[in-house]
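Student: There's a structure below that I have some questions on.
The values are calculated or read from the model by the stated rules, or taken from the named source; none is laboratory data. Keep in mind that what you see is a predicted model, and the values were worked out from it rather than measured. Virtual Cβ from ideal backbone geometry, glycine too; neighbours counted across all protein chains shown.
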Amino acid sequence: MPIDYDPLSPRWRDDPFPVYRQLRDQAPVHRAPGSGMFCISRHEDVSRVLKDPETFSSSAMNSVLTDLGRIGPRFAWALLRFLLRTRVNPFEMQRRGSLISIDPPRHDALRSIVNRGFVPRHIAAWEGRARRLVSDALRELRPGERFELVERLAVPLPVTLIAEMLGVQPERQRDFKRWSDVIVAVASGPARGNPAGLMGELAELFVYLREAARERRRRPQDDLVSLLVDPSRPDALDELDVIQFVVLLLVAGNETTTNLIGNAVLALLHHEDVLARVAGEPALVPQLVEEVLRYDSPVQLVFRQATRAVTLRDVRIPRDGVLALLLGSANRDERVFPEPDRLDLERDTRGHLAFGFGPHFCMGAALARLEARVALEALVPELLACKLVAPSPRVESFLVRGPARVELERIAG
């Protein structure tokens, strides 16, 4: 029977893993009937594509995720209001691309600039703040009361840290989560190709970031935006590049960690033996983080575009053909990870692709790992006395995977 999988369809959102296995076994390079994309499902092939930017360009991340749709009357008016309010042309942003959608050498030059805020010593310095945020959140986890994990912990932790790194005022941090949700909806969710209704919120974000960049250029502070726009540096970013980078951070820096924490909690609650073991051996938390990254990756796929005609596993991919690299499938490839559908703390997780591979390896990986480790070190003992009291619907996105809600109730003192 032909496989009708399409990476942009919500059909497989709740449980994509059976069709991933079918793809790996029967059609490791699968032409999606709807989008026409070439879906790459095996670890070896995904790795090969990720480490070869000359043949497989990241520009597809731009063309797929910034689909502005057809210019109908409603969108035309929304776009005009956006332009008048922000003085930023979204089509110019699409043309220029962001860090995840450009190739070397421009990618390497831009990454070297923005990476200044993500060096190990800077990331390690945030651990104390992360622990305080987790501790404050878990005070609300009381016997007999419901505790919604995503809203109370998995969202505030990364949003607050990213906002404070950027120098965002505390009163605007809720806006950052709202803007993050809008970006996910426009790029990979229900508003993709039809963003008119959300253009006002995007304009609000762009105006805020443009003004923040101008203010930091005039009066630098001890934050990441000031570092990026520092006029004393010859490679200081302009306003448009700052906006592009912060928009990326809102998804990569917030959504990834939020979904990692949510996926980890669901995995533990469905694997009571693993939960009990980690509770007895807290030193296993870092290994748990890596296994959850592999087992239920917070980013399920990325896109590449062929710069020339190429053959993968006897399938001819034409020049400009778009490839969907199924990270979530590659991380469950039994050729690399035996018994991949099992959550296994003894597993050698080296080589998982949850943070990508090659030039575009996620530069925020260390921060996501720190946040997840700190959250789970505090959560695991509490989860022993908790139960799920409602279904956990998934975030509406073909790109990121995580629960939209995790409703817990503490059943013991």
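Student: In this structure, does A76 turn out to be part of a helix (DSSP H, G or I) and surrounded by fewer than 18 Cβ atoms within 10 Å (Cβ to Cβ)? If you could, list the steps in order and put the result at the bottom.
Tutor: Working: part of a helix (DSSP H, G or I): yes; surrounded by fewer than 18 Cβ atoms within 10 Å (Cβ to Cβ): yes.
When the stated conditions are applied, A76 passes them.
Student: Exactly one of these conditions fails for G193: (1) closer than 20 Å to S397 by Cα; (2) buried (at least 17 other Cβ atoms within 10 Å of the Cβ). Give me its number.
Tutor: (2)
Student: Inspect all residues belonging to the stretch 273-288 and state whether any of them is modelled with pLDDT of 95 or more and under 14 Å from the mean Cα position of the chain (by Cα).
Tutor: no
Student: Residues in the stretch 6-25 that are aromatic (F, W, Y), at pLDDT 95 or above and out of contact with any Ser or Thr (no Cβ under 7 Å at 6 or more places or on another chain): how many? Show your work before the answer.
Tutor: Residues of the stretch 6-25 aromatic (F, W, Y): 12, 17, 20.
Restricting the remaining residues to those that are at pLDDT 95 or above gives 17, 20.
Of the ones still in play, those that are also out of contact with any Ser or Thr (no Cβ under 7 Å at 6 or more places or on another chain) are 17.
Of the residues in that region, 1 qualify.
Student: Could you please find all residues in the stretch 361-395 being closer than 30 Å to I102 by Cα and assigned to a helix (DSSP H, G or I)?
Tutor: Listed by number, the residues that qualify are A365, A366, L367, A368, R369, L370, E371, A372.
Student: Just to verify a result, which residue in the stretch 330-383, among those that are closer than 16 Å to I261 by Cβ and acidic (D, E), is nearest to the chain's Cα centre (by Cα)?
Tutor: Among those that are closer than 16 Å to I261 by Cβ and acidic (D, E), it is E371.
Student: From the list N194, N254, exactly one residue is touching a Pro at 6+ places or on another chain (Cβ under 7 Å) and not aliphatic (A, V, I, L, M). Which is it?
Tutor: The match here is N254.
Student: Sort out which residues of the stretch 258-281 are within 13 Å of A404 (Cα to Cα) and in contact with a helix residue (DSSP H, G or I) (Cβ under 7 Å, 6 or more places away or on another chain), and write them in order of number.
Tutor: T258, L260, I261, G262, N263, V265
Student: Moving to a separate point now. Within the stretch 386-395, identify whether any single residue is crowded, with 21+ Cβ neighbours inside 10 Å and within 23 Å of the chain's Cα centre (by Cα), and answer yes or no.
Tutor: Yes: one or more hits.
Student: Given (1) closer than 29 Å to L268 by Cα; (2) modelled with pLDDT of 90 or more; (3) not charged (D, E, K, R), where does M165 come up short, assuming only one miss?
Tutor: For M165, the failing item is (1).
Student: Now a separate question. From the list R81, R42, R116, which one is touching a residue at least 12 places away in the same chain (Cβ under 8 Å), of a type in the set (K, R) and closer than 25 Å to M199 by Cα?
Tutor: R81
Student: Has the stretch 7-29 got any residue that is more than 22 Å from P318 (Cβ to Cβ), without any contact (Cβ under 8 Å) to a residue 60 or more places away in the chain, outside any helix (DSSP H, G or I) and not polar (S, T, N, Q)?
Tutor: Yes, some residue in the stretch 7-29 is more than 22 Å from P318 (Cβ to Cβ), without any contact (Cβ under 8 Å) to a residue 60 or more places away in the chain, outside any helix (DSSP H, G or I) and not polar (S, T, N, Q).
Student: Return the residue satisfying two criteria in turn: it lies in the stretch 86-112 and is of a type in the set (A, V, I, L, M, F, W, C) and out of contact with any His (no Cβ under 9 Å at 6 or more places or on another chain), and of such residues it is surrounded by the most Cβ atoms within 10 Å (Cβ to Cβ).
Tutor: So the residue we want is I102.
Student: Determine if the stretch 194-209 includes at least one residue that is at pLDDT below 90 and outside any helix (DSSP H, G or I).
Tutor: Yes, the stretch 194-209 has at least one match.
Student: State which residue is surrounded by the most Cβ atoms within 10 Å (Cβ to Cβ) when the search covers only the stretch 155-188 and only residues that are more than 18 Å from the chain's Cα centre (by Cα) and outside any helix (DSSP H, G or I).
Tutor: So the residue we want is V168.
Conditions (1) at pLDDT below 95; (2) of a type outside the set (S, T, N, Q); (3) surrounded by 15 or more Cβ atoms within 10 Å (Cβ to Cβ); (4) over 23 Å from F17 (Cβ atoms), marked per residue:
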position	(1), (2), (3), (4)
S297	no, no, yes, no
A306	no, yes, yes, yes
L326	no, yes, yes, no
F337	no, yes, yes, no
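Student: Shifting gears a bit: Restricting to the stretch 116-137, give me the number of residues that are aliphatic (A, V, I, L, M) and surrounded by fewer than 18 Cβ atoms within 10 Å (Cβ to Cβ).
Tutor: 3
Student: Which of the residues that make up the stretch 396-413 are outside any strand (DSSP E or B), surrounded by fewer than 18 Cβ atoms within 10 Å (Cβ to Cβ) and within 25 Å of the chain's Cα centre (by Cα)?
Tutor: Within the stretch 396-413, E396, A404, R405 qualify.
Student: Read through the list (1) in contact (Cβ under 8 Å) with a residue 12 or more places away in the chain; (2) not in a helix (DSSP H, G or I), then give the number of the only condition that V49 fails.
Tutor: (2)
Student: Oh, and also: Need a quick list: strands (runs of 3 or more DSSP E) entirely within the stretch 250-358 having at least 3 residues that are without any contact (Cβ under 8 Å) to a residue 40 or more places away in the chain and of a type outside the set (F, W, Y).
Tutor: Once the strands (runs of 3 or more DSSP E) in the stretch 250-358 are filtered for at least 3 residues that are without any contact (Cβ under 8 Å) to a residue 40 or more places away in the chain and of a type outside the set (F, W, Y), nothing remains.
Student: Report yes if R347 is modelled with pLDDT of 95 or more, crowded, with 17+ Cβ neighbours inside 10 Å and basic (K, R), otherwise no. Break it down stepwise before answering.
Tutor: Working: modelled with pLDDT of 95 or more: yes; crowded, with 17+ Cβ neighbours inside 10 Å: yes; basic (K, R): yes.
Considered against the rule, which asks whether it is modelled with pLDDT of 95 or more, crowded, with 17+ Cβ neighbours inside 10 Å and basic (K, R), R347 comes out as yes.
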